[in-house]
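Worksheet: the structure to be examined is printed underneath.
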Amino acid sequence: MIVFDGVEKRFGDNVVLSDLDFTVAPGEHVTLIGPSGSGKTTILRLLMCLESVTEGTIRVAGRYLSHMEKGGRLVPADEKHSREVRKRIGMVFQQFNLFPNMTVRGNLIEAPTRVLGLSKDEANARAEELLEMVGLRERIDEHPSRLSGGQQQRVAIARALAMQPRVLLLDEVTSALDPELVAGVLALLKRIGETTDITILCVTHEMGFARDFSDRVMMFDGGQVIEDAAPAQLFAAPEHPRTKEFLKAVLERP
Amino acid sequence: MFENLPLIISRLAAGIPQTVIATVGGIVLTIVLASVAGLALLSRSRLVRTVSRTYVEVFRGTSEVVQLFWIFFVLPALVGYQIIPLAAGVLVLGLNHGAYGAEIVRGAVQSVPKAQYEGSLALSLSPRDRMLRVILPQALVEMLPPFNNLFIQLLKSTALLSLVVVNEVVRQGQLLVPNLGVGETLTIYLVELLIFLVLALMITAVMRALERRASARLGRTPAPRARRAAVGGVA
Amino acid sequence: MTVGWDWAYAIEILPALWQGLQVTLLATALGSLLAFALGLVFAVIRRSRVPVLDPIVRGFVELWRSTPLLVQAYLIYAVLPGVGITLSSLTAGVIALGLHYACYTSEVYRAGIDAVPRGQWEAASALSLPRHRVWLGVVLPQAVPRVLPALGNYVISMFKEVPLLLAIGLVEVITVANQITAQTFRPVEPLTMAGILFLLISYPASVLVRRLERRVGVI
């Protein structure tokens, strides 16, 4: 589903990702863990075309994301191409990023009507269904500012799902929430993982969630994947010294 | 369109001295009035504050053109003798921009953190020393960018003096226009714009240099220049 | 010239002055609309970094902001007839005002646009919204309300600069005041009444803008 091939990402002199190769199969749930600055969020941002690769290629569902084929050669993708390929990738952000000038309903139907070409009725029906699933159906005509952080994040998740993505990117989606709201959001994500076959890439510090939710955990450090295994194995018996160090520090948090 | 360029430039340049005199005179008067009125706005005396506030609101709230004509027509009759147009012009420039300047001064002094004021109280500095040695040097750095904008406004306002027969650049242009064809008219105005642009850049250069020196005195480097603050509009 | 204050005279000239003031207000209203619209266009061009237009707009705004409105008004009024477009004083004046103040309002809009959090742009991107929707649906609705007080201040400033358009033949309140003075040789009442009229409009207007600032929460 997702293929990173020799990807390097530099910001000026700062090499954030180097020679990165990995694959994610359709329907897989992969969690990326590692210290800050290790490049995990950059991977999500590359998939979302919020950044572009310095070297290497990214393919999603068989199509090049970062580049496009022009006259038999690969050239860096233009905005139109990126937007095309990106249509089936959804992202949920740490800061929710709901549009404050629209109601919850507005937030949910904006992209499906403008991008996927759904009629207002279809988009509204889908919005209501999704809000039902996240448990916020009654708040549909309110403005985001009236909702708690956890509620806003659930709306953000619904908004991403409204586009019927084949890939869902979750960027530390519970890090900005009050601790008591975190569980609700994680439970929702688990339900989504179980009831859909969306490929999910998740960056998180919630190790418990990572263990329950993922098929695979990738440990990042210094812009490289240093360990890649099923959660049962990685958490119980990490091989790489840096992984051991990291898990020790993180799991000992009060 | 460019045949008479040397003539145009020399004629317009003949107006530059008056423009410069008006600008410099206006700036000096502005600084004086802004300082006095600005500090007066912060006075403990209600009367002083009210007088200053009235001055500021009247001169900010009425049009500069009105003020110009008022001083030009009314003042000589009131005072009894003729006033040179240039002097009337400088007076209006100073009074008008001094009112805006007073608000800048007030704002800058008020923006100095209260802790500075309290620290100098703790050191038993006299009110005079407190102002001169502690508050004003810090306020000064805050004031320089808005005053830069204000002085450029003043420079632009000197063009209005052409309406009361002061022989500055714009008036020179207006005298020249009837003698040349329409194509040249465009050139005349473009050259005028360029002259003002150059003068404006010179003002900015001086103000930036002052900003650097004032900041250095405080041991700071001046903040990177945000594109001239538009919010709040000192126009 | 006779100096003194005659209340009867002062009141007698009020209707004529009011006629002139209406023109002043009209010029302000039209000029402001132009400045709001054009300034927004400039700001969006600059923030979208359109390749050729961006530096042109930037250069123009710098030049136009730093030079006198009076010269610009003369230019527009006197030069356009050369290319066959004859404009009335009001039209030329409104264009001059609008163009000049667009240079100020574009900076105001830019500040407002910059104040919209990056996350909003990213979320809109993540939803693959087309560019015009990002601007119209997400960014501008958040940017513009915040800058309304600053725009309001510029309207007031413009109002006070309208009188200089008498130089290109606009008959507004100061023109009328000067005409009356020329007839009666009494300058004090016309000019003072004109000044008072300005104050009566601009002072309450600034108070309103300050109140608007507090409601909107200045950037």
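Checked against (1) farther than 29 Å from A:Ser148 by Cα; (2) in a strand (DSSP E or B); (3) modelled with pLDDT of 80 or more, A:Glu84 passes all but a single condition, namely (2). Of the residues making up segment C:78-92, those that are more than 10 Å from every other protein chain (Cβ to nearest Cβ), touching a helix residue (DSSP H, G or I) at 6+ places or on another chain (Cβ under 8 Å) and either under 12 Å from C:Leu170 (Cβ atoms) or not polar (S, T, N, Q) (or both) are C:Leu87, C:Ser89, C:Leu90, C:Ala92. Residue under question is A:Gly117, and the condition is that it be touching a strand residue (DSSP E or B) at 6+ places or on another chain (Cβ under 9 Å) and either away from chain C (no Cβ under 13 Å) or surrounded by fewer than 17 Cβ atoms within 10 Å (Cβ to Cβ) (or both); does it hold? It is false that A:Gly117 is touching a strand residue (DSSP E or B) at 6+ places or on another chain (Cβ under 9 Å) and either away from chain C (no Cβ under 13 Å) or surrounded by fewer than 17 Cβ atoms within 10 Å (Cβ to Cβ) (or both). Please tell me if B:Ser43 is among the polar types (S, T, N, Q) and assigned to a helix (DSSP H, G or I). It is false that B:Ser43 is among the polar types (S, T, N, Q) and assigned to a helix (DSSP H, G or I). Screening B:Glu64, B:Glu118 for residues that are within 23 Å of the chain's Cα centre (by Cα) and of a type in the set (Asp, Glu) leaves exactly one candidate, B:Glu64. Can you find a residue in segment C:124-135 that is surrounded by fewer than 21 Cβ atoms within 10 Å (Cβ to Cβ), within 27 Å of C:Gly31 (Cα to Cα) and at the interface with another protein chain (Cβ under 8 Å from one of its Cβ atoms)? No, because not a single residue in segment C:124-135 is surrounded by fewer than 21 Cβ atoms within 10 Å (Cβ to Cβ), within 27 Å of C:Gly31 (Cα to Cα) and at the interface with another protein chain (Cβ under 8 Å from one of its Cβ atoms).
The residue that is surrounded by the most Cβ atoms within 10 Å (Cβ to Cβ), counting only those in segment A:38-55 that are modelled with pLDDT of 85 or more and more than 14 Å from chain C (Cβ to nearest Cβ), is A:Ile43. Close contacts from segment A:225-241, counting a first residue that is β-branched (Val, Ile, Thr) and a second that is in a loop (DSSP other than H, G, I, E, B) and at pLDDT below 85, with Cβ to Cβ under 7 Å and a gap of 6+ residues or different chains, come to A:Ile226/A:His240. Looking at C:Ile95 and the list (1) buried (at least 21 other Cβ atoms within 10 Å of the Cβ); (2) away from every other protein chain (no Cβ under 12 Å); (3) among the aliphatic types (A, V, I, L, M), which single condition is not satisfied? Condition (1) is where C:Ile95 drops out. Kindly indicate whether any position in segment B:116-123 is on the phi > 0 side of the Ramachandran plot and either surrounded by 18 or more Cβ atoms within 10 Å (Cβ to Cβ) or not in a helix (DSSP H, G or I) (or both). Looking through segment B:116-123, none of the residues is on the phi > 0 side of the Ramachandran plot and either surrounded by 18 or more Cβ atoms within 10 Å (Cβ to Cβ) or not in a helix (DSSP H, G or I) (or both). Among the residues here, C:Leu148 does not qualify as among the hydrophobic types (A, V, I, L, M, F, W, C) and facing another protein chain (nearest Cβ under 8 Å).
Would you check if C:Leu26 is part of a helix (DSSP H, G or I), within 13 Å of another protein chain (Cβ to nearest Cβ) and of a type outside the set (Val, Ile, Thr)? No. Please determine whether any residue of segment C:9-28 is surrounded by fewer than 20 Cβ atoms within 10 Å (Cβ to Cβ), farther than 23 Å from C:Asp114 by Cα, of a type outside the set (S, T, N, Q) and at pLDDT 95 or above. Scanning segment C:9-28, I find at least one residue that is surrounded by fewer than 20 Cβ atoms within 10 Å (Cβ to Cβ), farther than 23 Å from C:Asp114 by Cα, of a type outside the set (S, T, N, Q) and at pLDDT 95 or above, so the answer is yes.
Would you confirm, using the coordinates I've provided, whether B:Glu211 is at pLDDT below 90 and within 19 Å of the chain's Cα centre (by Cα)? It is true that B:Glu211 is at pLDDT below 90 and within 19 Å of the chain's Cα centre (by Cα). If you go through segment B:164-183 and keep only what is facing chain C (nearest Cβ under 9 Å), surrounded by fewer than 22 Cβ atoms within 10 Å (Cβ to Cβ) and of a type in the set (A, V, I, L, M, F, W, C), you end up with B:Val177, B:Val182. Only one of the numbered conditions (1) facing another protein chain (nearest Cβ under 10 Å); (2) surrounded by 19 or more Cβ atoms within 10 Å (Cβ to Cβ); (3) not small (Gly, Ala, Ser) is not met by C:Tyr203, and that is (2). For B:Thr19, the stated conditions do not hold, so it cannot be described as assigned to a helix (DSSP H, G or I) and touching a Gly at 6+ places or on another chain (Cβ under 6 Å).
The values are calculated or read from the model by the stated rules, or taken from the named source; none is laboratory data. Remember, it's a predicted structure, so these values are computed and weren't measured experimentally. Backbone-built Cβ (ideal geometry, glycine too); neighbour counts: all protein chains shown.
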